[in-house]
Amino acid sequence: MTMNHFNDIGISAKLDWTRIRKLLAIGLFASLLHLAGDLILGWGTEDETLTGLERMLSAYTGTSDGGIFAAALLGLFGTALEGLSCFGIYRLIVSRSPKYAHSYRSGILGYLMFCGCGFHVPVCATVFLTKHGLATDLVLRYAAYFLLPAFLLFWIFFLVLSVTQIMAFAKGLTSYPRWCWVFSMPIGMAAAMLLRVFGNRPWVNAVACAWIAVGNLLMFGGLLAMQSKAQKE
């Protein structure tokens, strides 16, 4: 194969659909791991006399220590695999737009760095500390000092990742139909949060806790389901 068969960043200009399908399938499995962890953590009722972070954490502190550990571990592995699986979507974009692919890759790297170790696990640690009686002011200081910085960095990279993907699909820079931009994390996350209209119930809070996992589930599941059609384009 000559250099003419490769794009500017060294990936074959011909899509490797077998590899893409494998990555999307791994992403779907990872989303289920992530989802399971968040549902375990989030199953509870909020104390409506509280506000802000304290109220959110109050729904999680009924989780057993083993449940918190399981949630942290499942989320850690799940988010890492989700990030790696996004390289399947990266391959879809890079075949037609290296520019968008570079931006998307930056988002992937940020997701890998900050979603699991910088965001998910520290949240589980915060729940653990709150459950075992750490003073509220210390919990809030812990969150501000050690959770907030990575939290902000995560969302910056998340926006890069999601906006780039939506724009690439909507502009027809992949083999998928343009409308497949709906198979992106923000759409699934918004759907999960809309369930808040059903009130302060354990299953509602669990799904809301799992909103990023739900977004990944929609993204990988939808793109995997539509791959056969995309291959024919």
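Quick look at the values:
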| read-out | value |
| --- | --- |
| Gain on full stretching of the segment that runs from residue 231 to residue 47 - 0.36 nm per residue minus C-alpha separation | 61.2 nm |
| Under 16 Å from the residue 134 label point (7 Å along Cα→beta-carbon), backbone N, the range 147-182 | 147-151 |
| Read-out semi-axes √(5λ) of the Cα gyration tensor in Å, derived from the coordinates shown; its label in (1) 36, 17, 14; (2) 33, 21, 16; (3) 30, 22, 17 | (1) |
| Förster radius 30 Å - calculated FRET efficiency between residue 29 and residue 152 (Cβ-Cβ, nearest 0.05) | 0.55 |
| Over the range 17-232, relative contact order from alpha-carbon pairs under 8 Å, at least 6 apart, % | 29 |
| Relative contact order for the range 104-178, counting Cα pairs under 8 Å that sit 6 or more residues apart, in percent | 47 |
| Burial order of peptide ranges 16-27, 182-193 (average beta-carbon count within 10 Å, highest first) | 182-193, 16-27 |
| The chain: calculated mean residue ellipticity at 222 nm from DSSP helix runs of at least 4, using -39500 (n - 2.57) | -22500 deg cm²/dmol |
| Selected from 103, 149, 194, residue furthest toward positive end of dipole (the range 17-232; charges at beta carbon) | 103 |
| Gap separating the Cα centres of the range 189-223 and the range 46-91, nearest whole Å | 12 |
| Per-pair calculated FRET efficiency, R0 = 25 Å: residue 179 and residue 19 via Cβ, rounded to 0.05 | 0.55 |
| Phi to ³J(HN,Hα) by Karplus 6.51 cos²θ - 1.76 cosθ + 1.60 over the range 118-127, Hz, x for Gly, Pro | x, 10, 5, 5, x, 5, 4, 5, 5, 4 |
| Exposure proxy ranking, count of Cβ atoms within 10 Å, fewest first, for 48, 82, 54 | 48, 54, 82 |
| Cβ-Cβ FRET estimate between residue 194 and residue 73, R0 fixed at 30 Å, reported to 0.05 | 0.55 |
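A short reminder: the numbers here are calculations on the coordinates, not readings from a lab. Given the structure is predicted, the values throughout are model-derived calculations rather than measurements. Note that we place each Cβ from the backbone using ideal geometry, even for glycine, and neighbour counts take in every protein chain shown.
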